[in-house]
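Have a look at the structure below before the remarks.
The values are calculated or read from the model by the stated rules, or taken from the named source; none is laboratory data. Keep in mind it's a predicted model, so treat the numbers as computed, not measured. Reconstructed Cβ throughout: ideal geometry from the backbone, glycine too, with neighbour counts over all protein chains shown. We work out accessible area using only protein heavy atoms, side chains counted, and drop any ligands, DNA or RNA first. Shrake-Rupley method; radii C 1.70, N 1.55, O 1.52, S 1.80 Å.
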Amino acid sequence: MIVDSVLTNAKAYIDNELKNCSIAIDNAKIFKVSTETHMPKSDEKINLKNFLVFPGLIDSHVHLRDEEKSYKEDFYTGTAAAAAGGFTTVLDMPNNRPTTLTVELLRNRMNLAQNRILVNVGFYSEFPNDLGEVPQIIRQGAVAFKLFMAHQIGGLNIDNDGLIKEALMKIKDLDSILAVHAEDKDLLMKNEQKLKNQNRADLNAFFQAHSEEVENIAIERMLKLNKEIGAHIHFCHLTTKIGLDQIIEAKKSGLRITCEVTPNHLFLTQNDSNYYGSLIIMMPPLRSKINVAALMKAIKSNQVDTLGSDHAPHTKKEKIGINVWDVKVGLPGLETTLPLLLTMVNEHQISIGDIVRLLSENPAKIFKLSNIGYIKKGKNADLTVIDLKKKYKIDVSKFHSKAKFSPYNGWEVKGKPVKTFVNGSLIMDEQKIIAKMGSGSILRRN
Ligand code: DOR
Ligand code: ZN
Ligand code: ZN
């Protein structure tokens, strides 16, 4: 038999260790992992020169935009940024225009994406107006539901505890998962109003409005509502020590609770706003060093389940030089996440195993994407190839994302994604996109 390709001289992360091996790929799947002498004949051979090979990395928190927000990012540029950043799968958040919250809108988004994406993409849905439609949205292939608690985005009235409980019961019964943006709308609105009445529009006013308490009480509310129900809740972009402690407590009680941290909340603190100004405004906001230390500790002790970039592209105009209350929140992250984390690996702050667990194995498990997350016979041939020793400076002008700004611009990093394989094809080589639009596929929760 002649397979499609064989990758030689790989240092691949398999069964919790790095193994020198070759990988045979056929029909978009991993066909065999063994030594070079045991490889089948192939149409193509690629020498990976002893670079690290990770199971394709998954960014489970990405805002790909497109549709009416395509001026910020579209399916092509967003997935090109993913490929360049070493991600083979991204999960797309539903706060689009129109908001992804019905079967039709989800199907339409999938159809639009199909021929434009370079990496694999799964889609979140917000809750529909009628919870009766939840099963159809799952059948259409939503990887998860998202509940945004900071203001009303989806069809589920976030002021109504009874309805949230009903939604949680559906999630539980249908074996789905609810990802939550935990910031309490009422307290946030109250804080904002008070500060606006004092004519405050400085950066600190934003931080005060989005206080730690705003996040903590939203987490508390969700955990309480879910206590008797026991649906799988995945808390997005956790930033506070108290929030984290509540989640650790809930996990201990046996509830299916998982959580995510973003690199922004590890690499930056509120003090950095003195330098970066409104650029670094995001929700939830940057926090103090004490919180960062708690998040780092939780990452190292296995209490954080995923790292997500929260890639949130905007135009520069939407970020700078306007009233703080009107600044669009978030940063592009697909092209900075992996180099920043590899730099941490080089500094012995986290391990290679942490990266694979947090950005591949765990997201695959949590979102039930059974074909990805591991380098193993039969799995998708999605692979991220890394030069761990490569030093370079982050340069926003080279971003594939439309959002060409970042607080990390000019930062010296060590560790670079050099090749990205999706469904067996090399789609990114030395930061160049070499695949055609449409080489990614739509992933559905299994
Ligand atoms: O910083 C953020 N950006 N937080 C959010 O919750 C939304 C996101 C976006 O869509 O821009
Ligand atoms: Zn969010
Ligand atoms: Zn987000």
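Over segment 1-64, average the accessible area per residue using a 1.4 Å probe and give it in Å², no decimals.
Here the per-residue accessible area is 47 Å².
Expressed as a whole percentage, what fraction of the accessible surface of the chain belongs to carbon and sulfur atoms when a 1.4 Å probe is rolled over the protein heavy atoms?
Carbon and sulfur: 48 percent of the exposed surface of the chain.
Considering only DSSP beta bridges where both residues belong to the chain, give the percentage that are antiparallel (nearest 5).
Once the DSSP bridges in the chain are tallied, antiparallel ones form about 50 percent.
Note down the nm distance, to one decimal, between modelled labels 7 Å out along Cα→Cβ at ILE434 and at LYS252.
5.2 nm
Quick one: how many lysine pairs in segment 308-385 have C-alpha atoms under 24 angstrom apart, if they're 8 or more apart or on different chains?
For segment 308-385, the number of qualifying lysine pairs is 9.
Can you tell me how segment 76-225 classifies by the Cα gyration tensor, rounded, prolate or oblate, using a/c under 1.5 as the rounded cut?
Since a/c reaches 1.5 but b/c is at least a/b, the shape of segment 76-225 is classed as oblate.
In degrees, nearest 10, range 0 to 90: what is the angle between the Cα axis of helix 241-252 and the longest Cα principal axis of the chain?
70 degrees
To the nearest 10 degrees, how steep is helix 161-173 against the longest Cα principal axis of the chain, on a 0 to 90 scale?
20 degrees
When the chain is fully extended, how far beyond the present Cα-Cα distance does LYS316 get from ILE2, taking 0.36 nm per residue of separation?
Separation in residues times 0.36 nm, less the Cα-Cα distance, equals 108.0 nm.
Leaving out ligands and nucleic acids, and using a 1.4 Å probe, what accessible area per residue does segment 316-390 come to in Å²?
On a per-residue basis, 36 Å².
At 222 nm, what helix-only mean residue ellipticity would the chain give, in deg cm²/dmol to the nearest 500, using -39500 (n - 2.57) for each DSSP H run of four or more?
The helix-only estimate for the chain comes to -8500 deg cm²/dmol at 222 nm.
Long-range amide H contacts for ILE350: which residues qualify at under 5 Å (H placed 1.01 Å from N, peptide plane, sequence gap of 5 or more or a different chain)?
VAL345
How far, in degrees from 0 to 90, does helix 337-346 lean away from the longest principal axis of the Cα atoms of the chain, to the nearest 10?
Roughly 70 degrees between the two axes.
Gain in length, ASN157 to TYR71, computed as 0.36 nm per residue apart minus the alpha-carbon separation, to one decimal in nm?
28.0 nm
Using a Gaussian network model on the chain with a 10 Å cutoff between Cα atoms, which of TYR275, TYR392, TYR13 fluctuates the most?
TYR275
Most mobile of LYS419, LYS146, LYS227 per a Gaussian network model of the chain (Cα springs, under 10 Å)?
LYS227
State the antiparallel share, in %, of DSSP beta bridges confined to segment 50-161, rounding to the nearest 5.
10 percent
Just check the chain against the gyration tensor rule for me: Cα atoms, a ≥ b ≥ c as the square roots of the eigenvalues, rounded for a/c under 1.5, and otherwise prolate or oblate depending on whether a/b exceeds b/c.
prolate
Is the shape of segment 288-345 rounded, prolate or oblate, going by the alpha carbon gyration tensor and its root eigenvalues a ≥ b ≥ c, with a/c under 1.5 for rounded and a/b larger than b/c for prolate?
prolate
Compare the Cα positions of PHE267, ILE233, TYR13 along the charge dipole of the chain (+1 at Cβ of Lys, Arg; -1 at Cβ of Asp, Glu; about the Cα centre) and return the one farthest towards the positive end.
TYR13
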